[in-house]
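In what follows, a single structure is set out as structure tokens and then discussed.
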Amino acid sequence: MSSKHFVDNPTLLLQTSLSSLPSLNPSLSLDLPSKTIYLTHPPPNTVSLLSGGGSGHEPSFTSFVGHGLLTAAVAGTIFASPSAEQVRRCISNRIPQENGVLVIVMNYTGDVLNFGMGVEKARARGTEVDMVVVGDDAGVGRERGGKVGRRGIAGTCLVLKVAGALAAKGASLKEVSRIAKLTAANLVSIGSSLGHVHVPGRSIVETGVEELKDSEVEIGMGIHNEDGSERRETDLPGLVKTMLSHCLNQADKDRSFLNVSKTDDVVLLVNNLGGVSVLELGAITSEVLEQLDRDYEIRPVRILAGTFMTSLNGLGFSISLLKVADTGLGAGSSMIELLDAPSEATGWSAAIKTDTWSKRRKSVEEHKAVEEEVWTSNLRSEITFEFRETAADHVLVDPALTRSALTTALTRLIAAEADVTRYDTVVGDGDCGIGLKRGAEAILEMLRKAKQTDDALTFVQSVTQVVELAMDGTSGAIYAIFLNALAHGLSQNAPSSPQPITTQVWAAALQSAIQTLGKYTPAKPGDRTLMDALCPFAESLSKAGDIEAAAKAAEEGAKNTQGMRASLGRTVYVGGEGWQGVPDPGAHGLAVLLQGLSEGLRK
């Protein structure tokens, strides 16, 4: 698998992929020699809907075959149009022709020519056939597009869905063709990617593509791995701003393909080009929605986000906007209702019903005031955070010294994030450094905003509250349990009258907290965890009463984890020898924090 593909033979890849589809959807059949997926028992008295194109765009088009969407789809090899003969065989042998056939393809020369030839051959035999060509891409403007026009990209999926739903309702070929053209005429799309894809079976040299730098994004990239209109260094907000401007800026005469105003109903499709995680696509969708609302006052009536038309595993996404137009067909056959109509195509991933969408606007309006009040309250609480006084306890600290020492310790921990992350990348999942940094930054923010207190217990409880909110994962849980137990230990060891806290009180509280922590984790020194730093610190502080010596003991304990085989944590599962060259990341991070605390107290 040196090519980074599980199946590097493109012919075998296509054949086996197509062969899986009837297993996923029992209503489908496969004509493997013609690379055609079709409905085994299509509904009677309906227009047959055919589409297709080069492979590598899955789930388009073969996974869009199913009741309520396509009757059949013809596949070419990767990024190459199917042949005219494949199209002819499909129309002649695999789909009903009695009520007419509508062919919908994207505006690429190979697709238009080969599907067009198949259409003409069918017409010559007396079959009623029409063809709709979709060109929705705004990545290439009028001047550069010239006579070829706009390429077809992910917006084509919306055309297929509308046409398929209308055909399923028994509409005539003339009506289905008209609505497909109407939908295509009201579409605009654009894609962007962080890199070009590698096609199985081809060498890297064969691609002839200059790779993007780590900081670059290609705007307007096509779905066949072809170059876009520009490369730029930008962040996500800047990228989305450019993409939406190319789609919606009426002052850009080269790209003003569609006039959309705030009074129009709009459908938004955020499409994954194949290599973007679901988590990241959600963040992209939020950014698109925010900018549409803020900059254009457009609030989509339908929002679709997912994998509809890919470029293999392309590390990018596309934005499509459909301006909802009147179909003139009456109730039940509006563009929105046709998009919402159910289908049995495995590749169509929008499952929300019309009545659920209709409740959305009312629900948003009802909860808006409540959400705003909750947000305002949380924000106010964050800004005016005050320590909660607990007068029953009498361990006192110097507020200025405590704040200064903790600031020094947290600053050092933040600076050590890169090292902790590097260590955790070797022995874990790489999140330890980020988690510690996030917690440290949150505590620093609290220290800047909070009123000072001289009550040690109140101070520790307040730090604990921040840790519980800001840190997650295993480290977050361990620190939260420990700090809660530390607060309890301070309370148990508090003097009967208000007195400055002593090293002995801190040490006793630390030992108590470690015992409590033992109820929730079996980790002990020697297990290669943060306990290898924490326990020596507490033990040294208890014996010598010297914070500097205790911090050195923690540092030595963390260093000793290098080369130590783990018996707990994710390091247990790490193979190879890499773990022997790095200390435990949690122990190292805690040691850095304690060193910084010691340094801050000596100032």
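Yes or no: L244 in contact (Cβ under 8 Å) with a residue 24 or more places away in the chain, outside any loop (DSSP other than H, G, I, E, B) and of a type outside the set (S, T, N, Q)? So L244 passes the test.
Being farther than 21 Å from P237 by Cβ and in contact with a helix residue (DSSP H, G or I) (Cβ under 9 Å, 6 or more places away or on another chain) is the filter; apply it to segment 301-322 and report the residue that is surrounded by the fewest Cβ atoms within 10 Å (Cβ to Cβ). Within segment 301-322, the match that is surrounded by the fewest Cβ atoms within 10 Å (Cβ to Cβ) is G306. Among the numbered criteria (1) in contact (Cβ under 8 Å) with a residue 60 or more places away in the chain; (2) touching a Cys at 6+ places or on another chain (Cβ under 9 Å), which one does V101 miss? It is condition (2) that V101 fails. So S17 ticks every box in (1) surrounded by 12 or more Cβ atoms within 10 Å (Cβ to Cβ); (2) outside any helix (DSSP H, G or I) but one. Which box is left unticked? Condition not satisfied by S17: (2).
Restricting attention to segment 81-96, the residues that are of a type outside the set (V, I, T), surrounded by 17 or more Cβ atoms within 10 Å (Cβ to Cβ) and in contact with a helix residue (DSSP H, G or I) (Cβ under 9 Å, 6 or more places away or on another chain) total 8. Selection of segment 263-284 for residues being out of contact with any Phe, Trp or Tyr (no Cβ under 7 Å at 6 or more places or on another chain), surrounded by fewer than 19 Cβ atoms within 10 Å (Cβ to Cβ) and free of Cβ contacts under 8 Å to residues at least 60 places away in the same chain yields T263, S277, V278, L279, E280, G282, A283. Would you check which residues across segment 55-81 are assigned to a strand (DSSP E or B) and farther than 14 Å from I104 by Cα and list them? If the condition is that a residue be assigned to a strand (DSSP E or B) and farther than 14 Å from I104 by Cα, then S55, G76, T77, I78 are the ones that fit.
Candidates are the residues of segment 56-85 that are hydroxyl-bearing (S, T, Y) and modelled with pLDDT under 95; the one that is farthest from T346 (Cα to Cα) is S83.
Taking segment 31-53 as the range and being in a loop (DSSP other than H, G, I, E, B) and either under 30 Å from K181 (Cβ atoms) or touching a residue at least 24 places away in the same chain (Cβ under 8 Å) (or both) as the test, the residues that pass are S34, K35, T40, H41, P42, P43, P44, N45, T46, V47. Of all residues in segment 91-149, those that are within 40 Å of the chain's Cα centre (by Cα), part of a loop (DSSP other than H, G, I, E, B), farther than 21 Å from T62 by Cα and not basic (K, R) total 7. For S540, state whether it is within 29 Å of M564 (Cβ to Cβ), in the same structural domain as P399 (by TED's automatic domain parsing) and touching a Gly at 6+ places or on another chain (Cβ under 7 Å). No. Could you tell me whether V460 is assigned by TED's automatic domain parsing to the domain that holds A513, among the β-branched types (V, I, T) and over 25 Å from Q511 (Cβ atoms)? So V460 fails the test. Yes or no: I298 surrounded by fewer than 20 Cβ atoms within 10 Å (Cβ to Cβ) and of a type in the set (V, I, T)? No: the conditions fail for I298. In segment 20-30, how many residues are in a helix (DSSP H, G or I) and not aliphatic (A, V, I, L, M)? Here the count works out to 3. Of the residues screened, L406 is one that is surrounded by 15 or more Cβ atoms within 10 Å (Cβ to Cβ) and either among the acidic types (D, E) or modelled with pLDDT of 90 or more (or both). For the subset of segment 149-176 comprising residues that are aliphatic (A, V, I, L, M) and over 16 Å from S343 (Cβ atoms), which member is surrounded by the fewest Cβ atoms within 10 Å (Cβ to Cβ)? Selected residue: L173.
Among residues belonging to segment 403-436 that are of a type in the set (D, E, K, R) and in a helix (DSSP H, G or I), point out the one that is nearest to R448 (Cα to Cα). Among residues in segment 403-436 that are of a type in the set (D, E, K, R) and in a helix (DSSP H, G or I), the one nearest to R448 (Cα to Cα) is R403.
Residue pairs whose Cβ atoms lie under 9 Å apart, separated by 6 or more positions or on different chains, with the first residue in segment 522-542 and touching a residue at least 60 places away in the same chain (Cβ under 8 Å) and the second acidic (D, E) and assigned to a loop (DSSP other than H, G, I, E, B), are L530/D584; A533/D584.
Within the set G201, G146, G208, the sole residue that is crowded, with 17+ Cβ neighbours inside 10 Å and at pLDDT below 85 turns out to be G201.
Considering only segment 52-80, state which residues are within 23 Å of G275 (Cα to Cα) and of a type in the set (S, T, N, Q). Result: S55, S60, T62, S63, T77. Would it be correct to say that E280 is outside any loop (DSSP other than H, G, I, E, B) and either closer than 25 Å to S63 by Cα or of a type in the set (G, A, S) (or both)? Taking the combined requirement at face value, the residue satisfies it.
The values are calculated or read from the model by the stated rules, or taken from the named source; none is laboratory data. Computed from a predicted model, the values in this text were never measured in an experiment. So basically every Cβ, Gly included, is an ideal-geometry build from the backbone, and we count neighbours across all protein chains shown.
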